[in-house]
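A short worksheet on the structure shown next.
The values are calculated or read from the model by the stated rules, or taken from the named source; none is laboratory data. Worth saying up front: this structure is predicted, and the values here are computed from it rather than measured. When we count neighbours, we look across all protein chains shown, and the Cβ atoms used for this are built from the backbone with ideal geometry, even at glycine.
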There are 4 protein chains.
Amino acid sequence: MNTFGRMFRIATWGESHGRGLGCVVDGCPPRLPLIAADIQHDLDRRRPGQSRLASPRQEPDRVEILSGVLGGETLGTPIGLLILNQDARPQDYTRFRDVYRPSHADFTQEAKYGIPAMTGGGRASARETVGRVAAGAVARKLLAVDHGIRIVAFVRRIHTLQAPVDPEAVTPEAVDASEVRCPHPETSRAMVEAVETVRTEGDSLGGIVECVVHGVPAGWGEPVFGKLEADLGSGMLSIPAAKGFEVGSGFSGVSLRGSEHNDPFVVRDGRVRTETNRSGGIQGGISNGETILFRVAFKPTSTIRKPQRTVNRRREEVTVEARGRHDPCVVPRAVPIVEAMAALVLADHALRHRGQTGRPGPAPDLI
Amino acid sequence: MNTFGRMFRIATWGESHGRGLGCVVDGCPPRLPLIAADIQHDLDRRRPGQSRLASPRQEPDRVEILSGVLGGETLGTPIGLLILNQDARPQDYTRFRDVYRPSHADFTQEAKYGIPAMTGGGRASARETVGRVAAGAVARKLLAVDHGIRIVAFVRRIHTLQAPVDPEAVTPEAVDASEVRCPHPETSRAMVEAVETVRTEGDSLGGIVECVVHGVPAGWGEPVFGKLEADLGSGMLSIPAAKGFEVGSGFSGVSLRGSEHNDPFVVRDGRVRTETNRSGGIQGGISNGETILFRVAFKPTSTIRKPQRTVNRRREEVTVEARGRHDPCVVPRAVPIVEAMAALVLADHALRHRGQTGRPGPAPDLI
Amino acid sequence: MNTFGRMFRIATWGESHGRGLGCVVDGCPPRLPLIAADIQHDLDRRRPGQSRLASPRQEPDRVEILSGVLGGETLGTPIGLLILNQDARPQDYTRFRDVYRPSHADFTQEAKYGIPAMTGGGRASARETVGRVAAGAVARKLLAVDHGIRIVAFVRRIHTLQAPVDPEAVTPEAVDASEVRCPHPETSRAMVEAVETVRTEGDSLGGIVECVVHGVPAGWGEPVFGKLEADLGSGMLSIPAAKGFEVGSGFSGVSLRGSEHNDPFVVRDGRVRTETNRSGGIQGGISNGETILFRVAFKPTSTIRKPQRTVNRRREEVTVEARGRHDPCVVPRAVPIVEAMAALVLADHALRHRGQTGRPGPAPDLI
Amino acid sequence: MNTFGRMFRIATWGESHGRGLGCVVDGCPPRLPLIAADIQHDLDRRRPGQSRLASPRQEPDRVEILSGVLGGETLGTPIGLLILNQDARPQDYTRFRDVYRPSHADFTQEAKYGIPAMTGGGRASARETVGRVAAGAVARKLLAVDHGIRIVAFVRRIHTLQAPVDPEAVTPEAVDASEVRCPHPETSRAMVEAVETVRTEGDSLGGIVECVVHGVPAGWGEPVFGKLEADLGSGMLSIPAAKGFEVGSGFSGVSLRGSEHNDPFVVRDGRVRTETNRSGGIQGGISNGETILFRVAFKPTSTIRKPQRTVNRRREEVTVEARGRHDPCVVPRAVPIVEAMAALVLADHALRHRGQTGRPGPAPDLI
C-alpha cells in the first residue's frame, strides 16, 4: 500500500538509496496553476542538511514534473513527479545488513518480506517521505487557490521543552525563522541547545508537531468511516516515527467535564461559530468552519550512536553502534511532512465533498 | 463512507431511531464456525441499560444473521446482519430539531447535507456503532480461530482517575466484573462514584480506553500507507467522541531519549523478541510479534442536563437543556467498540498479508 | 467482492434460498425524493412468475427501506434495503449437492471456497440480482431527478430472432407490453413461440439485451481506467449468464473502414453533436452528449430438463436432469438488471465527475 | 482514475508528447526475479516503427527500473518504471488544437476538463499504453514464475479477414512471426495486403484480438462483482479503440440452445475437466481450470488522411485532414496490450484469491 486518498490519490515509490523517488498524483483537477517551484519550496524545507542540527546528508532533491502540467497549469491527467537521489551512500548501511537495529523496521520488514531490510531502511527510511511532500505541495496549492486554505505546522515540543504559543497566531515565517521550527524564540533557543547536547552525546530526542488549518469551510468530512479526524489520524500515523495523534482537546480533554468541554455556539458576523474550539474544528467527523487543530507525537529517533544490545539474523545477541550520518531529532523536519499529509487529506475531502453532496440546483443556504 | 476495510470489508447502515441497524460483512473466508451467539455476546456488552450508570434506554439488540452462514459455518458469501430497533423514542429528540446542541454533530451534519440533524443524531449517534460491533465479532472469531489472537480492552482512566494496572495481565473477566470496565477494583469503585456524582449533577466525564492484542504474528501491516498503527488509528478515531490515539509509548514517549526509548532485541525460546515494548508491538508499521498496545481518548459526553448557551437554525442565541436519557460517561461502553474496531483492522490485515506476501513455495523461515 | 462503485457504492448480500436478500446503498446524496414504490416497480419487473414463460417461483419480493430515508427523502446516510425470501424450496436443489451441474458455478465455487455449492446456487443464482435491482432503482431515481436521464433496455434478440427496431425510439411502455420485453410486436410473437417451444422440450435459449441511455451530458467518464465503457462493461459482465458486451458499433464496427466508422461532428441548435453515433455516445471513455448505446449477450440458461453428462463430487461420471422450476430464457428478465447496472455505473460517474472536475468558480463554457 | 487493480495495483502517468511515461507497480510480492529485459521485451512488441505497416514514429521506449528491485529480485516495495519520450513532435498536432477530430477524444476531453485536448491526444493517445505494458510485463513474470501461466494473444481478424486457427494451439512464436500478429500465414498475408492498401488510401481498418490464457488453476475470481470476466472486460475496454469484449462463446453463443452450449464435465487424469470450453474457462465468474479464452473488438483507427467534416472550438463546421504519422491498423500493436491487461487482471486475482480463501490449515482437497 503505497497509495493514499480516494479522489485526490497519490502513489509513491522509491528507496532511500536507490535511483530516486517520486510520486504519481492522480485526480488533481485541471486548470490549477502549478510550477516546479511550488513543489520545490516544500521539498527544500523537508530535506536534510539544512542546519548543523540535522543529518549532514547532502541531497538537492530537485523535483521534475514529468507529466500532467502544461504551460504552468494542470491538465487533469496524472502528475508524475521525480526526484533523483544524488548522495546515496549505501556503504554506511551495509554493515547493518545482518543486524536488527533496535526499534527500526529491519526485523519486521524481514518478517514480512523474507529479505533483509534494505540498505538505508528501504521504504521505512524517512527519505520515503520525499514523494509525499512533493504530492502534498500540489494538494496545498489546490487548497490555497480554490479555497483560501492555509496550513501551518510547527514544533510545539521537543523532549520536555514545550512552547507556550497560541497556535492560531503562528505564522509560517515565524516557524521557518527558527532552526527547530518552533515559533517561540526563547523555547526555540533552548530546544536548539538540547538537540545539540544529545547530538554530541550520540543520543536522540522526540517531540510534538502541532498543525493549524485555517479556512476549511463547514461541511467537509463524513459521519462514520470517513471522519475528518480519522483520515487525518491515518495520514499522520503513516509518517515514520509517529506514535500518537490528537485533535482539539485530545488526551487532555479527558480531564474536563462535559460542561467545561462543550463549545458553545454563538452567532458572529451572521455566521454560526463556536466560542471555544476544544472540538479542534471538527464535530462528528465533519468540519464546523473553525480552525482545525491537531497534534502528532514523534518518538526519539531510533538511530543513535551509542552502543545498543540487539540480535542479528543468525539469532546471536550482539552490540550495534551507528556510525553513519543521522538526525538527533527529526521533529523539525517532520513539520513540512505533517503539512503535506494534512494537505493530501483535505484536498481529497474537498473533492469527495462535492461528490457526496453533489446535486445540481440551489445548495442548502446554511452558511 | 460507511464502508471500512479492504479485504475484510464492512458496510454499516441504520439510524438511531429508524427501523433498525445492520452491517454487511464482505470478504470473510469460508468454513469459519459462526453462530449468532458469537455476535450477541459483544452486542450485549455494547448495549445501553446494563447498569444504573448508563443510559436507561432498553434495547435488546438481538442480532439476526440473514445470509452468509449455513449450518454454523460461513460460506464465503457476504454476511448480512440485522438488529431491529425496539425502544426508539424520537419524541425525546424532536424538540432539539431546531437547535444545534453544543459539540454534537447537529450543525456540521446540516452544513454538509442541508437537512436538520435527525432525531437522535442519525448516524452521528453512538447507536450507529451497533453495526460495527456485530461485524467486529465476526472478525474477532476469525482471528481467534485461525490465529489464536485475543483482544482485551479496558478503561484505563475516567476523568482524573487512572488505574495502575499491567495491561498485559488484564483479563476479559476482570474487565467485565467492573461496572465501569476498569480491572482495578479500587479505581473502579472510585470511577463508579465519580460517574454517579456527575450523573446526579447532570454533567459528564471522558476517559481513556486501553487495548491489548495478544498473539499477532510478526509481519502483519505495511511499510508506508498501510501501517498497522495508521489503520488502527483510523478505526479508533472513527468511533464517536474519540479525540486521540496513541500506540506504545505514545505521547509520553516524547519525554524519553532514544537510548531510553529503543526496545533492545533479545533471543527468547529461539525467537527474536524485544525486551521492552515501547514500540507497542509495531515497528515501521508492521507487527513484531509482541503484544500490540494502544490507547484511545474519549471526550466527556456532549449531552448534559445543564443549561447551555447555543444557537438555533434561525441564527438566534438560545439556551438548551437535555432531558432525554443519556450516558454521563460513554467510556465503559466504548470498550467493546474499541475491541471491535481492532478486530476489523487486524482481520483485514490478516487477509491482506496473505495477498501481499503471497507466493507459493516455501515461506521465509524467519520466525 | 459484493461491493460495486466508488462514490455511489453498493454492497449486496443474500442467498437464493436463505432468509432474504438486500443491499446497502452508500453515497446517495441527501434530499432525493425516494419511496419504496420507486424501488418496487423495478423489483416487480425483475421477479419471476410474471408470465407463463418464466420460472413459476412465486416471490412477492417486497422491498423494505430500513434506513437512509425519512419523510420520502434521502438523508445522505446509507440506505438499507431488505427483501425477505418467501418461496424458498431448498429441496428442489438438495439432490444436486453432490453433482456439478454443467456450466453452472457448482464446481468453481467449490474449487474456490471448499464447500459444496449451496442450495439454489448460493450467490451464483440469478436471485442474487434482487439486491442490485433494488439499488439500481435508487440510482435511476437520482439520474432522473437530477439530470433527466432515462434508461431503456429491451430484448434485441433471442436465439436467432433479431428485432429490427430503432433503439433511440424504443419506449419503456413498448418494452413492457411484450411478454419477452421485445418492443417489435411481430418479433416478440415469434420469440414467445420459440421460448414456449424450448420450454416444452426442456431446453433453453439465450439472447441479446440492448440498452439506450438518453440525456447523459458530455464529460462524464475518465480517459484511462475509469472509461465509461469499461465501467459499463464491468457492470454488465457481472450479471449472471452474460458472455459479451459491446458499445456503439461494437463487434460489427470491425467490418467498417475508418472513413465509414468515424462520426462527423456537426453543430445543431448551437451544440456540438455527432451526425451518426457509431461511438455509442462515448469517445475516449467520456460521454459526448449523444445517446449511450450498448448490448449484452446472454448465453442460454444452463439449467435444462434434458439429461446431461457430468461428474459428481466423488469424481464419478453421472447423468443429471433438472426437475425444479426454471426459466427457459432469462433474457427478458435480464432487461431490468441491465438497466439497474447501467444506472449504478452512471450515478457513480455523476458523483465522480463532480469531484474530478470539481473546482469552484465559473465552469468551462463548452457546452 | 489512472489506477488499476486491488492487490496488484498500478498507477500510470505520462502524456504522448510530454517528458516521458511510466507506471508505479504497487503490491508485487517480494523475491520475484525481475530485470529490465523482462519488461523491455513487451515494450518492444508494443512500440511503433516496427514494420512499414505501423506508425513511423521512432521511439526506442527504453524502460528504466527506478525502484523496487535489487540484485535482480523484487523487494516487495513499489516498482517505479520510467520510459522517456524521445521522438515527440508536438508540431504534428498543434494544428488540430482548435478542431475536434471525428471519433477522437478531443471534444469529450475538453467537455470534461475545460481545456483543449492536448497535443497528440494527451492521455487518450495510444502512447498512454506504454505504462500498462511495462506493468503488465511484471504481472506476467509473476504469473509465469509462480503459477506457470502463459498468456498468448493474436490477431483473429482484420476488417473482413478472419483467421481459421485453433486458439489453444497458437504459440507466441507463430504470432510474432507475422507482421500483423496473425498466426495463420495465409490470412496474415492477406491482412498485410489489406492494411497496405488502406494505408496508401489514407484510410484505416479495425479487427479482433483473441487471447488465450493457459494454466490458471480452478478457483480464481469471485461470484458477484469480482467476476473474472467482469474484471477482464473492464481491463480490455480500457484499451483505446476497444468497442467490445466477449468470453468463451460470447455473442455467437446466443445462437445455441442450452443443450448445445453447456460444457459437460468429465474426469480426465483424475481431475474434473470440461469436454468443451464454451464457458471460456470461467463459470459463475470463477476459473474452472480450463484455458481462458476471450476476444476484444477494435474499431478502425480514427486518424485517417482523408478529408473529414467536423467542427472547431468556435462552433464552425470545417474540414480536417490528418497529416502526421499514424497507424492504418492498430490491431497488431494491440496484441501485447491485451496480454498486459490480462496479466494485470490475473496477477491481481492471484493475490486476492489468497486473501479471500486465506485460512491457515489444510486447504480443500478438491483439485
Go through the range A:1-20 and give me each residue that's over 20 Å from C:G27 (Cα atoms), over 17 Å from the mean Cα position of the chain (by Cα) and of a type outside the set (D, E). A:M1, A:G14, A:S16, A:H17, A:G18, A:R19, A:G20
Tell me which residues, restricted to the range B:252-277, are in contact (Cβ under 8 Å) with a residue 40 or more places away in the chain and either closer than 22 Å to B:R295 by Cβ or within 8 Å of another protein chain (Cβ to nearest Cβ) (or both). B:V272
Only unsatisfied item for A:Q283, checking (1) within 7 Å of chain B (Cβ to nearest Cβ); (2) touching a residue at least 40 places away in the same chain (Cβ under 8 Å), is (2)
Within the range D:354-363, is even one residue out of contact with any helix residue (DSSP H, G or I) (no Cβ under 6 Å at 6 or more places or on another chain) and buried (at least 23 other Cβ atoms within 10 Å of the Cβ)? yes
Does the range B:305-319 contain any residue that is under 18 Å from B:V130 (Cβ atoms) and either modelled with pLDDT under 95 or crowded, with 22+ Cβ neighbours inside 10 Å (or both)? no
Of all residues making up the range C:74-118, the number that are at pLDDT 80 or above, more than 25 Å from the chain's Cα centre (by Cα) and closer than 19 Å to C:T319 by Cα: 3
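What do you reckon, is B:N288 at the interface with another protein chain (Cβ under 7 Å from one of its Cβ atoms), crowded, with 24+ Cβ neighbours inside 10 Å and in contact (Cβ under 8 Å) with a residue 40 or more places away in the chain?
When the stated conditions are applied, B:N288 passes them.
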Only one of these conditions is not met by A:P240: (1) at the interface with chain B (Cβ under 8 Å from one of its Cβ atoms); (2) out of contact with any Phe, Trp or Tyr (no Cβ under 7 Å at 6 or more places or on another chain); (3) surrounded by fewer than 24 Cβ atoms within 10 Å (Cβ to Cβ). Which number is it? (3)
Consider only pairs whose beta carbons are under 8 Å apart and that are at least six residues apart or on different chains; among these, list those whose first residue lies in the range A:345-367 and is more than 9 Å from chain B (Cβ to nearest Cβ) and whose second residue is modelled with pLDDT under 50. none
Taking the range D:152-174 and keeping only residues that are β-branched (V, I, T) and over 18 Å from D:A297 (Cα atoms), one is left with D:V170, D:T171
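Rundown of residues vs (1) farther than 30 Å from A:S255 by Cα; (2) out of contact with any strand residue (DSSP E or B) (no Cβ under 6 Å at 6 or more places or on another chain), yes/no style:
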| position | (1), (2) |
| --- | --- |
| B:R199 | no, yes |
| B:V216 | yes, no |
| B:W220 | yes, no |
| B:S234 | no, yes |
| B:I239 | no, yes |
| B:V247 | no, no |
| B:V266 | yes, no |
| B:D269 | yes, yes |
| B:T276 | no, yes |
Pick out the one residue from D:P172, D:P223 that is under 30 Å from C:S125 (Cα atoms) and out of contact with any Ser or Thr (no Cβ under 7 Å at 6 or more places or on another chain). D:P223
Of the residues that make up the range C:119-139, is at least one surrounded by fewer than 24 Cβ atoms within 10 Å (Cβ to Cβ), touching a strand residue (DSSP E or B) at 6+ places or on another chain (Cβ under 8 Å) and at pLDDT below 75? no
If you take the residues of the range C:320-340 that are closer than 22 Å to C:A163 by Cα and out of contact with any strand residue (DSSP E or B) (no Cβ under 8 Å at 6 or more places or on another chain), which of them is surrounded by the fewest Cβ atoms within 10 Å (Cβ to Cβ)? C:D327
Among the residues of the range A:28-40, which ones are within 24 Å of A:V152 (Cα to Cα) and out of contact with any helix residue (DSSP H, G or I) (no Cβ under 7 Å at 6 or more places or on another chain)? A:I35, A:A36, A:A37, A:Q40
Given the conditions (1) modelled with pLDDT of 90 or more; (2) in contact with a helix residue (DSSP H, G or I) (Cβ under 7 Å, 6 or more places away or on another chain), every one holds for B:G324 apart from (1)
When you go through (1) part of a loop (DSSP other than H, G, I, E, B); (2) polar (S, T, N, Q); (3) free of Cβ contacts under 8 Å to residues at least 60 places away in the same chain one by one for A:T301, which number turns out not to apply? (3)
Which condition number in (1) more than 7 Å from chain C (Cβ to nearest Cβ); (2) over 30 Å from D:V330 (Cα atoms); (3) of a type in the set (S, T, Y) is the one that D:S188 fails? (2)
Take the residues in the range C:200-214 that are farther than 14 Å from C:I158 by Cα and not in a loop (DSSP other than H, G, I, E, B); name whichever of them is nearest to the other protein chains (Cβ to nearest Cβ). C:E201
Failed condition for D:F294, given (1) assigned to a strand (DSSP E or B); (2) surrounded by fewer than 19 Cβ atoms within 10 Å (Cβ to Cβ); (3) more than 8 Å from chain C (Cβ to nearest Cβ): (2)
Test result for A:G270, out of contact with any Phe, Trp or Tyr (no Cβ under 8 Å at 6 or more places or on another chain) and not hydroxyl-bearing (S, T, Y): yes
So how many residues does the range C:13-31 have that are within 12 Å of B:G68 (Cα to Cα), facing chain B (nearest Cβ under 7 Å) and surrounded by fewer than 24 Cβ atoms within 10 Å (Cβ to Cβ)? 2
For C:G270, work out the one condition from (1) modelled with pLDDT under 95; (2) crowded, with 24+ Cβ neighbours inside 10 Å; (3) not charged (D, E, K, R) it doesn't fulfil. (2)
